[in-house]
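Below: the structure, in structure tokens.
The values are calculated or read from the model by the stated rules, or taken from the named source; none is laboratory data. The structure displayed is predicted, hence computed values, not measured ones. Positions of Cβ are generated from backbone atoms using ideal geometry, with glycine treated the same way; all protein chains shown enter the neighbour counts.
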Amino acid sequence: MTDLPYRPNVGAALFNAEGLVLIGRRAGLPLGAPESWQMPQGGIDPGEDPAVAVLRELREEIGTDAAAIIGEYPGWLTYDIPAEAARASFKGRFRGQTQKWFALRFLGRDTDIALDRDDHPEFAAWRWARLSDLPALVVTFKRPVYEAVAREFAKFEVK
């Protein structure tokens, strides 16, 4: 798998007015499954600007792009996906993902969030959470990325 490329991807730390971030419980996982939460993220189309992609991904995954970019991670963060998951998720084309993360301020209302607007919903449920709590809620192989994002975007979190 180490000879495979990484899939270009964006991630969204969407902060509400109280400084909490939106997280979603992955669809298709058993209710109460540990490590089933994550922030919105998704692929970058060929030639697409990452700042455009992050708003598109919000629209696709949570039903709204009512947000403004307030911060950007200074580089790209990369993680490998376990081999079996990579074969299932990416048909064996990628070893993992390289991500550009953005901090965004949510400009809408909670009622604007609709997880079922896409034909293949990414999330089964959502809630607001403290950014610093997220590393413990995500799948193990994404934890280093979430730890880096939490450090970088701590200035936007509720104190």
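For residues that are modelled with pLDDT of 95 or more and of a type in the set (Lys, Arg), scanning just the stretch 95-132, find the one that is nearest to Ser36 (Cα to Cα). Looking at residues that are modelled with pLDDT of 95 or more and of a type in the set (Lys, Arg), I get Arg127. For first residues located in the stretch 1-23 and within 13 Å of Ala103 (Cα to Cα), partners that are of a type in the set (S, T, N, Q) and outside any strand (DSSP E or B) and lie 6+ apart or on another chain with Cβ distances below 9 Å form the pairs Leu22/Asn16.
Restricting the stretch 84-137 to residues that are basic (Lys, Arg) and over 14 Å from the mean Cα position of the chain (by Cα), the residue that is nearest to Tyr73 (Cα to Cα) is Arg105.
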